[in-house]
1. Residues that are in the same structural domain as residue B:167 (by TED's automatic domain parsing) and under 18 Å from the mean Cα position of the chain (by Cα): find the helices (runs of 4 or more DSSP H) completely inside region B:195-267 holding 3 or more of those.
2. Residue under question is residue A:40, and the condition is that it be within 11 Å of chain B (Cβ to nearest Cβ), part of a helix (DSSP H, G or I), modelled with pLDDT of 95 or more and over 14 Å from the mean Cα position of the chain (by Cα); does it hold?
3. Could you grab me the full set of residues in region B:147-176 that are within 14 Å of chain A (Cβ to nearest Cβ), buried (at least 18 other Cβ atoms within 10 Å of the Cβ) and free of Cβ contacts under 8 Å to residues at least 24 places away in the same chain?
4. What about residue B:130, is it buried (at least 24 other Cβ atoms within 10 Å of the Cβ), within 19 Å of residue B:200 (Cα to Cα) and at pLDDT 90 or above?
5. Whether any residue in region B:78-87 is under 19 Å from residue B:273 (Cβ atoms) and assigned to a loop (DSSP other than H, G, I, E, B) is what I want to check.
6. Of everything in region B:1-14, what is outside any loop (DSSP other than H, G, I, E, B) and touching a residue at least 24 places away in the same chain (Cβ under 8 Å)? Give them in sequence order.
7. Mind listing just one residue for me: the one in region B:190-217 that is out of contact with any helix residue (DSSP H, G or I) (no Cβ under 7 Å at 6 or more places or on another chain) and free of Cβ contacts under 8 Å to residues at least 40 places away in the same chain and, of those, farthest from residue B:135 (Cα to Cα)?
8. Tell me, yes or no, whether region B:219-227 has at least one residue that is within 14 Å of chain A (Cβ to nearest Cβ), under 23 Å from residue A:35 (Cα atoms) and crowded, with 21+ Cβ neighbours inside 10 Å.
């Protein structure tokens, strides 16, 4: 018997990982001048949460 | 290329057109607690281009009223005078520099950043104890000096872009290096000519200044709020600028905002949704 086709709503872990990686790369580029400043580092972590957990 | 003479810049600002009369009237109403909203609404309705933009945003999915806001009067009823005022100012200001006059400068990306900063400022305003309409207006205008420089001095501003690309620095650093002045000072001068309230002029002129840690504490002023909104807007990365770069976040200003990072992100999510609607101001 053929396996049931994946539904449109089922998450695709590989696609999600690829999207997360793309988001992280873009954020790294946006924050390329952030350095070690603690406020910038905290903002970076917040934006990683925002872009990867939406 | 010689740096720009500040007097030369001021003279050019003097030659720029004023804002439409109805926008100036809306601006004046900020200072008048007894402003006649009905009379101002009628004047807005008489400006077809302006009212069409306001209605387009009022009918955007953000407000959940698609197709139900047919007239400026309807918009005043369902959105309130305050929201309509900020939309009129947004439509008037974004339409004040024609795209063809700005050469290679990406005017759409510029205004998109302004709109995102404006919606961020509006969302953060309550936490800073600042009027949200003023916050939106100052956010929209905060970088206006850049478009003045790009349209009045296109050759100079092309050099700024080249310097920035070569050094991957912040735009304000490239401006100071190439022009000997920066967009914040130019924006302050333009908002003075356009008769914006002094607090908005000051916010535009000082949005890159860091707070004095020795100064008395308390919530940030409008300039500090716009600094936070500017950083947030760059971090949201919605303007479509491939070379986007998040500015340094002033720790003193951030500490004085006194909000948690989760709350910051809640504001960002709301600002992003609002910006999608407000971006309709940029449609012809």
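The values are calculated or read from the model by the stated rules, or taken from the named source; none is laboratory data. Nothing here was measured: the structure is a model prediction, and the numbers come from that model. Please note: Cβ atoms are built from the backbone with ideal geometry, for glycine as well, and neighbour counts cover all protein chains shown.
1. Answer list for region B:195-267: B:198-206, B:222-236.
2. The answer is yes for residue A:40.
3. Listed by number, the list holds a single entry, B:174.
4. Spelling it out, it is not the case that residue B:130 is buried (at least 24 other Cβ atoms within 10 Å of the Cβ), within 19 Å of residue B:200 (Cα to Cα) and at pLDDT 90 or above.
5. Looking for residues that are under 19 Å from residue B:273 (Cβ atoms) and assigned to a loop (DSSP other than H, G, I, E, B), one finds at least one in region B:78-87, hence yes.
6. Applying the first criterion (outside any loop (DSSP other than H, G, I, E, B)) to region B:1-14 yields B:6-14.
Selection gives B:6, B:9, B:10, B:12, B:13, B:14.
7. Restricting to residues being out of contact with any helix residue (DSSP H, G or I) (no Cβ under 7 Å at 6 or more places or on another chain) and free of Cβ contacts under 8 Å to residues at least 40 places away in the same chain, the top hit is B:214.
8. Yes, the conditions are met somewhere in region B:219-227.
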